[in-house]
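Worksheet: the structure to be examined is printed underneath.
The values are calculated or read from the model by the stated rules, or taken from the named source; none is laboratory data. These numbers were taken from a predicted model, which means no experiment stands behind them. With ideal geometry, Cβ positions are generated from the backbone for all residues, glycine too; neighbour counts draw on all protein chains shown. The protein model used for the area step is the full one, side chains on, heavy atoms only, and it has no ligands, DNA or RNA in it. Shrake-Rupley method; radii C 1.70, N 1.55, O 1.52, S 1.80 Å.
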Amino acid sequence: MTLASPSARWRPSELLLPTPAGLYCPPADIHIDPVRPVARALITHGHSDHARAGHGAVLATRETLAIMALRYGEGFAATQQVAEPGEIIRIGEVAFRFAPAGHVLGSAQIVVESRGLRIVASGDYKRERDPTCACFEVVPCDIFISEATFGLPVFRHPPADGEIAKLLESVRLFPERTHIVGAYSLGKAQRVMALIREAGYERPIYIHGAVEKLTEFYQAEGIPLGEIRKVADFDRKALGGEIVICPPSATQDLWARRFPDPVTAFASGWMRIRARARQKGVELPLVISDHAGWDDLLATIRDVQAGESWVTHGEAEALVHWCGTAGLRAKPLHLVGYGDEGEADPKEEVADAAI
Ligand SMILES: [Zn+2]
Ligand SMILES: [Zn+2]
């Protein structure tokens, strides 16, 4: 039997491994996006399935820490530490770096490196341009941990500006009707507003109470969203012809029926599935996703040139299968607890409505 020297290269599972609390790095004694309270946590982004309250020490980007404080209150963790852009943070013999993930404001991949082994935990990510956050950085690595929310070939997302053009065309065709756009309150809502502005729409955009705090935060961060008004300050019956942004659940509430002859829209990657749009009573589906679609998942796995990919939430099996047919090593991670607020969890919408 040979004993490994202290500086021998890690086996991947010695540097990072899935546990019931989430991904765990034993040599630094720290978890990534833990789903249970832990002593020390690295958080990739502010969506509620990744960023939870109740940890001891939390290390995240400045924006993610601010978003967590907005959602959970300042005391969401015992201590907080900002990961500056590009900063290498050493914990024990592990070096961590936060690299942009292009998912929502402040979102980051976490680069974990020690003894010549580099693993990138991408969190949620997308490759499409987004005027509200820094774009995804390709970090070459030995092991790439990819999400697979939209890991099926059916999920090919069209360019978002074309979807916004559909919305504005409908507003032009139906000037008496209110266009109510369901969009998740962190990230999607603000991205939709920014894209509407990029398309040249200059009228005020109205927002539901559940979207207010995060929208104000994006504006304070210098994201140009134009004139934003709170629906609560107006008589809804007087908002014919206007665009209203609200959490997806609100489009089906009594709240929505008070607007004049509303057109219900929903901005989500799931709108690629027409049956899903019909089932949710969506008249105007807008296929706008904050997660990589199928083609971008494959492109990213190739771009990072990893010897192996570990695939988590969503359609892990399909993506792992594709990797196999392409001669790339891959395995599903079977992490639990990540439903993605970004595209699905109705409980989260209720929680959002409370802030
Ligand atoms: Zn997310
Ligand atoms: Zn997620």
message = Between Q305 and E87, how high is the FRET efficiency from 1/(1 + (r/R0)^6) when r is the Cβ-Cβ distance and R₀ = 25 Å? Nearest 0.05.
response = 0.55
Dipole of the chain, positive direction: furthest Cα of F98, T79, L23, with charges on the beta-carbon = L23
Net lengthening on full extension, L17/D235 (0.36 nm per residue, minus Cα-Cα) = 73.2 nm
key: Total charge dipole magnitude, segment 107-235, about the Cα centre, Cβ charges on Lys, Arg, Asp, Glu only, Debye to nearest 20   = 220
query = For R172 and A275 in one chain, what is 0.36 nm times their gap in residues minus the Cα-Cα distance, to one decimal in nm?
reply = 34.5 nm
task = Quantify, in whole percent, the carbon and sulfur part of the accessible surface of the chain (1.4 Å probe; protein heavy atoms only).
result = 53
request  = Quick one: compute the contact order of segment 39-101, relative version, from alpha carbon pairs under 8 angstrom and 6+ residues apart, as a percent.
outcome  = 27
ask   = In debye to the nearest 20, how big a dipole does the chain give about its Cα centre with +1 on each Lys and Arg Cβ and -1 on each Asp and Glu Cβ?
value = 420
query = Between V263, I119, A51, whose Cα lies farthest towards the positive end of the dipole of the chain when Lys and Arg beta carbons carry +1 and Asp and Glu beta carbons carry -1, centred on the Cα centre?
reply = V263
inquiry  = Given a 1.4 angstrom probe, what's the average accessible area per residue across the chain, in square angstrom?
reply    = 41
For segment 105-262, diffusion coefficient by Stokes-Einstein and Kirkwood Rh (Cα), 25 °C, 0.890 mPa s, µm²/s = 140
request  = Please give the solvent-accessible surface of H321 in Å², to the nearest 10, using a probe radius of 1.4 Å with every protein chain present.
outcome  = 130
inquiry  = Heavy atoms of the protein only, probe of 1.4 Å, neighbouring chains included. What is the accessible area of D161 in Å², nearest 10?
reply    = 110
task = Kindly count the pairs of lysines across the chain whose alpha carbons are less than 26 Å apart, treating pairs on different chains or eight or more residues apart as eligible.
result = 22
query = What FRET efficiency comes out for the pair Q252/A220, r = Cβ-Cβ distance, R0 = 41 Å, nearest 0.05?
reply = 0.85
message = I'm a student and want to see the number: the projected area of the Cα convex hull of the chain, averaged over all directions, in nm².
response = 18.0
query = Sorted by accessible area (1.4 Å probe), largest first, how do L297, L70, L254, L284 line up?
reply = L254, L70, L284, L297
query = Sorted by accessible area with a 1.4 angstrom probe, largest first, how do S268, S13, S48 fall?
reply = S13, S48, S268
inquiry  = For the chain, what does the helix formula give at 222 nm: sum of -39500 (n - 2.57) over DSSP H segments with n ≥ 4, over the residue count, nearest 500 deg cm²/dmol?
reply    = -7000 deg cm²/dmol
task = Mind running the shape call on segment 216-273? Use the C-alpha gyration tensor, a ≥ b ≥ c as the square roots of the eigenvalues: rounded below 1.5 for a/c, prolate if a/b tops b/c, oblate otherwise.
result = oblate
